[in-house]
Amino acid sequence: MLGLSQVKKYAFRNQSKYMIFKQENKRGVALLYAIFFLSIVLVIVFTQADTLLAQLSASRREERTAKALSAANTAVNCVSYYDKKEHMFDTTEPVRTRDCGVGTMTGGGINAGSDCVAHTYNFRLDAFENGSCADVMVTTVPVPTLFGTEVVVLCDLQIEAHGFDTCNPNDTRVVKRIRLESQ
């Protein structure tokens, strides 16, 4: 039979083994908690990075779209300005070439008569500082109009401007925006 002193020694040994086992077990749990916490942090970081990259991509697309739309708007404004100021695209007027700061355009000079005739003018405005350009198609449309008892054929304009964010033919990601206007 075991004496009291032997029981105490045995209990102490078992308790110390239990304490050692318990401490090692706590270290493993702490390591698991650390790995779990780091994995959650990494998921959050990668999610935020993915969102940031998507927003940067969308921002670049918006910038390119704005350049293309600006080129198309500038082309329509240039055509409208010279048509209102000088009847640039009136087919009964002589040929005129004008520079609106981003390229030259030619209009008029189709018919020596007094009536408008249907005609399409095509030109490219490609001197934009930001590298964009616009292909412009201006179509004169004869419109018979009654003045008193006389029918006169007047010219209406249809302007179609295709704006591009770049004029580089090797760029595979060209953004194109179209603006149509009738006058």
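Side notes on the structure shown:
- Net lengthening on full extension, VAL141/HIS87 (0.36 nm per residue, minus Cα-Cα): 18.1 nm
- Residues in region 74-85 carry Karplus couplings, in order, of 4, 4, 5, 5, 5, 4, 4, 4, 6, 6, 6, 6 Hz; the curve used is 6.51 cos²θ - 1.76 cosθ + 1.60 with θ = phi - 60°, and Gly or Pro positions show x.
- Overall dimensions of region 41-182 as given by Cα atoms, namely Rg and Dmax in Å: 21.2, 84
- FRET efficiency for the pair CYS100 and GLU150, taken as 1/(1 + (r/R0)^6) with r the Cβ-Cβ distance and R0 = 30 Å, rounds to 0.25.
- Amide hydrogen proximity for GLY103: with H placed 1.01 Å from N in the peptide plane, the residues at 5 or more positions away or on another chain lying under 5 Å are ALA127.
- Label-reachable residues, region 117-140, where backbone N falls under 19 Å from a point 7 Å from GLU62's Cα toward its Cβ: none
- ³J(HN,Hα) computed for each position of region 134-139 - Karplus, 6.51 cos²θ - 1.76 cosθ + 1.60, integer Hz, glycine/proline x: 9, 9, 10, 10, 10, 10
- Taken one residue at a time, the phi angles of region 145-152 give Karplus couplings (6.51, -1.76, 1.60, θ = phi - 60°) of 10, 8, 10, x, 10, 9, 9, 10 Hz. Gly and Pro are set to x.
- Backbone amide hydrogens, once placed in the peptide plane, bring VAL175 within less than 5 Å of ASP165, THR166, excluding anything fewer than 5 places away on its chain.
- At full extension, PHE36 and LYS176 could sit 45.6 nm farther apart than now, given 0.36 nm per residue minus the alpha carbon distance.
Throughout, read-outs are computed from the coordinates displayed, never taken from laboratory work. Keep in mind it's a predicted model, so treat the numbers as computed, not measured. Note: ideal-geometry Cβ built from the backbone for every residue, glycine included; neighbour counts use all protein chains shown.
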